[in-house]
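A quick write-up on the structure given underneath.
The values are calculated or read from the model by the stated rules, or taken from the named source; none is laboratory data. In this text, all values refer to a predicted model and were calculated from it rather than measured experimentally. Neighbour counts are summed over all protein chains in view; Cβ atoms, including those assigned to glycine, are modelled from backbone coordinates with ideal geometry.
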Amino acid sequence: MRNLRSAATLTNSTNRVNNYNKSGGQNQAWYDFQRMPGNQQQIGNGKYIKAYEGKTVTYYRSTTANHWTLSYPYSTKTDKIFTNSIKFVYQMEVLSEAFKRFYLTIIQK
Amino acid sequence: MKMNWKSTDSNNEWLLLGMFSNPLHINQISNDLSLYSNELLLKFCKQKSHKLHYWRIIGAEYPDGDDFLTLFEQKDPYPFEYELTEEPNQDHIIACSSFSTEHNLITKVHGYGFSKNSKEYLSSIVLGVEHMYIMIHAGSILQIKVTEQEPGMLTDDLLFSSFN
């Protein structure tokens with residue numbers, strides 16, 4: 001989880017949670033979850049847990065942030081890593097620009 | 001009928017008949033048990049009257065990320081399927097996974113939580129059941145700890161408390 005935190009950006013904290021953002025979307029969140037130790041158990045509705053050494057990591061879709069999320073206890077609080085699709089959107093924008101340039105080149109010809 | 005746990009002595013003679021969920025995962029950690037549920041149903045009855053009562057508990061998330069418990073008091077085991085037994089002590093036979101304890105007289109109920117915008121939110125419920133404690137913690141998935149060790153004060157505010 002420490003590695004995950006270092007690859008994410010802290011966005012806000014309360015007395016109970018630290019919220020982080022990370023890019024990559026659902027695939028990244030699922031990949032990160034799969035790298036966690038412990039037996040995988042499905043709780044329902046696309047929610048999964050892995051319990052290891054008394055701690056539990058949860059993979060779920062946050063209803064408020066609308067992102068795939070990993071939550072994990074950290075000290076007396078919970079770390080939540082919301083994995084958004086910014087990287088994917090950025091890639092689409094880059095592709096879109098490339099397509100525009102290609103289209104304009106064809107028209108000009 | 002309201003259970004009204006916020007008033008003192010309200011848990012007098014209440015029995016915890018079981019906890020129900022579908023699915024319900026149970027892990028052992030040392031002498032304690034950790035149960036995991038997406039939606040939990042607690043079944044109570046009054047020792048003398050055998051009147052049944054249920055708490056349906058689900059987790060919710062505040063926009064700033066804080067998790068809290070949403071608790072519904074109800075008279076039937078919704079949302080789980082059930083069959084009714086014969087009168088006079090009519091009971092619900094609930095068709096899902098369950099967890100129950102040998103001793104089930106409730107000795108205390110504590111509710112912990114926090115306040116936001118002048119509203120109180122429950123984050124944990126601690127039930128004392130004779131020789132053990134059942135702690136229900138808020139989260140995207142509810143985590144229920146069953147332990148013989150008396151829990152200390154939780155970090156959140158004590159919102160209500162009642163002793164038998």
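Within the range B:125-164, if we keep just the residues that are of a type in the set (Ser, Thr, Tyr) and over 19 Å from residue B:56 (Cβ atoms), the residue that is nearest to the other protein chains (Cβ to nearest Cβ) turns out to be B:155. Any residue at all in the range B:97-105 that is surrounded by 13 or more Cβ atoms within 10 Å (Cβ to Cβ) and of a type in the set (Val, Ile, Thr)? Checked against the condition, which is being surrounded by 13 or more Cβ atoms within 10 Å (Cβ to Cβ) and of a type in the set (Val, Ile, Thr), the range B:97-105 yields at least one hit. Residue A:12 fulfils the conditions (1) in contact with a helix residue (DSSP H, G or I) (Cβ under 7 Å, 6 or more places away or on another chain); (2) at the interface with another protein chain (Cβ under 9 Å from one of its Cβ atoms) except for a single criterion, (1). Look at (1) more than 14 Å from chain A (Cβ to nearest Cβ); (2) among the aromatic types (Phe, Trp, Tyr); (3) closer than 30 Å to residue A:67 by Cβ and you find that residue B:112 fails only one, number (1). Filtering the range B:122-159 to residues that are in a strand (DSSP E or B) and surrounded by fewer than 16 Cβ atoms within 10 Å (Cβ to Cβ) leaves B:157, B:158.
Screening the range A:1-23 for residues that are outside any helix (DSSP H, G or I) and hydroxyl-bearing (Ser, Thr, Tyr) and picking the one that is nearest to residue A:83 (Cα to Cα) gives A:23. Within the range B:109-116, not a single residue is basic (Lys, Arg), over 30 Å from residue A:82 (Cα atoms) and in contact (Cβ under 8 Å) with a residue 40 or more places away in the chain. Within the range B:59-94, the residues that satisfy the criterion of being within 14 Å of another protein chain (Cβ to nearest Cβ) and farther than 30 Å from residue A:79 by Cα are B:79, B:80. If you go through the range B:65-94 and keep only what is in contact with a Ser or Thr (Cβ under 6 Å, 6 or more places away or on another chain) and either basic (Lys, Arg) or at pLDDT 95 or above (or both), you end up with B:66, B:68.
Residues being within 23 Å of residue B:20 (Cβ to Cβ), out of contact with any Phe, Trp or Tyr (no Cβ under 7 Å at 6 or more places or on another chain), buried (at least 16 other Cβ atoms within 10 Å of the Cβ) and not charged (D, E, K, R) are represented in the range B:65-85 by at least one member. Residues that are in contact with a Lys or Arg (Cβ under 9 Å, 6 or more places away or on another chain), hydroxyl-bearing (Ser, Thr, Tyr) and more than 30 Å from residue B:153 (Cα to Cα): does the range B:105-127 have at least one? No, the range B:105-127 has no match at all. Of everything in the range A:24-42 that is in contact with a strand residue (DSSP E or B) (Cβ under 6 Å, 6 or more places away or on another chain) and in a strand (DSSP E or B), the residue that is farthest from the other protein chains (Cβ to nearest Cβ) is A:40. For the residues B:57, B:93, the requirement of being in contact with a strand residue (DSSP E or B) (Cβ under 6 Å, 6 or more places away or on another chain) and either more than 27 Å from residue A:47 (Cβ to Cβ) or surrounded by fewer than 19 Cβ atoms within 10 Å (Cβ to Cβ) (or both) singles out B:93.
Just one of (1) touching a residue at least 24 places away in the same chain (Cβ under 8 Å); (2) crowded, with 17+ Cβ neighbours inside 10 Å fails for residue A:48. It is (1).
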